[in-house]
1. Whole-Hz ³J(HN,Hα) for each residue in the stretch 463-473, computed from phi via Karplus 6.51 cos²θ - 1.76 cosθ + 1.60 with θ = phi - 60°, x for glycine and proline: what do you get?
2. Can you tell me the FRET efficiency between K524 and T454 if r is taken as the Cβ-Cβ distance and R0 is 35 Å, rounded to the nearest 0.05?
3. What net charge do the residues around K415 carry, taking every other residue with its C-beta under 10 Å from that of K415, with Lys and Arg at +1 and Asp and Glu at -1?
4. From the phi of every residue in the stretch 287-295, what ³J(HN,Hα) in whole Hz does the Karplus formula 6.51 cos²θ - 1.76 cosθ + 1.60 yield, where θ is phi - 60° and glycine or proline is x?
5. What ranking of V247, V369 emerges when the number of other C-beta atoms within 10 Å of each C-beta is taken as an exposure proxy, fewest first?
6. Give me V53, V533 sorted ascending by neighbouring Cβ count inside 10 Å, so fewest comes first.
7. Ordered by residue, what ³J(HN,Hα) values in Hz, to whole numbers, does the stretch 254-269 give under the Karplus form 6.51 cos²θ - 1.76 cosθ + 1.60, where θ = phi - 60° and Gly and Pro are x?
8. Tell me the mean residue ellipticity at 222 nm calculated for the chain from its helices only (DSSP H runs of n ≥ 4, each -39500 (n - 2.57), averaged over every residue, nearest 500).
Amino acid sequence: MRRIQIIIVLLFVLPLSVNAQNVSFEWGEGFGGGDIDDANSIVVDILGNSYIVGNFWGTVIYNTGSIVMPLVSEGLNDVFILKLDSTGAGAWIKQIGDISYDEGFSITIDAFGDVLVTGRFTNTVDFGLGGNATYLSSSPLWKSDVFILKINTNGNLIWAKSMGGVENDASKSIATDKVGNVYTTGFYQGAGPADFDPGAGVFNLSGGGYFIQKLDKNGNFFWAKGGIGGRAGGDDIAVDEFGSVLVTGSYFGTTDFDPGPNTFNVTSSNSNDIYIQKLDSNGNFIWAKSMGGASNDAGVAITTDSFGNVYTTGMFSGTADFDPGIGSDSLTPVGSLDVFIQKLDSNGDLVWAKSVGGTSMEVGTDITVDINNNIYLTGWFRDTVDFDSGVGVFNLSAFEGAAFALKLNSLGDFKWAKSFAGSAGSGRALFVDQKLSVYVVGSFTGTADLDPDTSTNIVVSGGGSRDYFIIKLSQDFPVGIVDRREVKNLTIYPNPASQQITIDNKQITIASIEINDITGKLIKTINPTTNTVDVSDLPSGIYFLQITTANGTIITQKFIKK
């Protein structure tokens, strides 16, 4: 029986007050050419490699790490997929596009470490990424269709699929579950049918509006659902710890959010309102909620925590009620647009709602949680904004507009906020890794300072009307002292494993045991009084066993579930 020596040692993270916590700039990059270039989504793997998807127009010259080359769009807009290593240096870049308009909106990593991307394309496009040609065509050629592609960490194509109807269609967000099933949401236009089965079969949705689709890990069709009536769009999707599917966006009019034989009609307040919909893994309706007021409001991003709580962010433009139940919890913007942050429990009942804003305009564009269920969001703001929605005050100013990153605890209390890229800057997406480092991508115009520290300038300059950036921020915490004797005295076996893993800990006292997937998501917590870990219920894939000892040492080991 092969024994694997644990050799990776991480430092124990202790609770920390907001005044003691230090957030520092690690690295940042800016890219762009002479036209419009956008980074729309980011994901980071367990090794610290970051993957970014977006779109560009014209010529962008890359000179970072292994990437020293110009990238030239084939048409009005092409998709790029960029991989950076843990230091921010370029590893590879891929391009997708033809003579028309193509966009990459969302990227994620599945439980097996493969990368999935979604967006829209027009005309006939080669999705082979430099390998064997793999052509997909929109129908008709002058309208956009949905694409989903799966690649490995070297950027090689595994599969590519397309879906759509006779009008313009787009997929805005992608997520995966614990066994690698793929979920997307977006919109399709026109009264005519749109076929969401990418295979030989046909599965039509009709009437236009938003869609939710599920494929298996090989890209085969499971199901597709859509709302009926009204004007609704799917902007973001998440899968919770229990396999349920959450979607948010905005809608106008009356929409039936139950995709089954029953009806669950919700009516907006004479404007665009926010919706959140929850389905089970088979696409069956669980609940739907509506929030908003008499002015336009939109849900832009959604995420869930380890308990199944649901968090959303976006924008609201007038007094809006964020309690979807019979109660009332109204927020009023300070300016014309403010950011909202809302927490619902797993039943869709309000836990709390917060707003952030100043006298101008602010929008929340993405939201996520870390392994401790702290909340992070990004977006953009102008002028002066108090980012502490509680009794305190924490003002940031950016009179030309800037991106922000904001952290709250699970109660919605302010922890910290940072601004950067203050030249018409905007945060588009963010990711928090297992070490609690924060990655943000977004856009800027002209010259931008990427370091949120006012005493230091990390300046990047773009050449077009809009360019994109990525930054990495670290959070510093007080740490325990690592006893390296504990590392030598702890082993696990077997690896790979099919049924259970044994921890040979000798004289070490174990305080906690956790299993995380390759994205850093907590899968299960193990009773620390046992030295065996049952992995029989885990799907095949790559996982990380995280063991915290009694003196605060954290030891992490990768293992493979057969």
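1. For the stretch 463-473, the Karplus-derived couplings read x, x, 6, 7, 10, 10, 9, 9, 10, 10, 10 Hz, x marking Gly and Pro.
2. Values: r = 43 Å, r/R0 = 1.22.
Approximately 0.25, to the nearest 0.05.
3. Overall, the nearby charge balance is -1.
4. Result, rounded to whole Hz: 7, 9, 10, 10, 9, x, x, 6, 9.
5. Working: V247 29, V369 19.
Fewest to most other Cβ atoms nearby, the residues stand as V369, V247.
6. Working: V53 30, V533 20.
So the ranking, lowest neighbour count to highest, is V533, V53.
7. Per residue, the Karplus-derived 3J(HN,Hα) values read 10, 10, 8, 8, 8, x, x, x, 8, 10, 9, 7, 10, 10, 6, 8 Hz.
8. Details: 1 runs with 5 residues, N = 562.
Per the formula, 0 deg cm²/dmol.
Laboratory data are not the source of any read-out in this text; all were calculated from the coordinates shown. Source: prediction; values computed, not measured. Neighbour counts run over all protein chains shown; Cβ positions are idealised from the backbone, glycine included.
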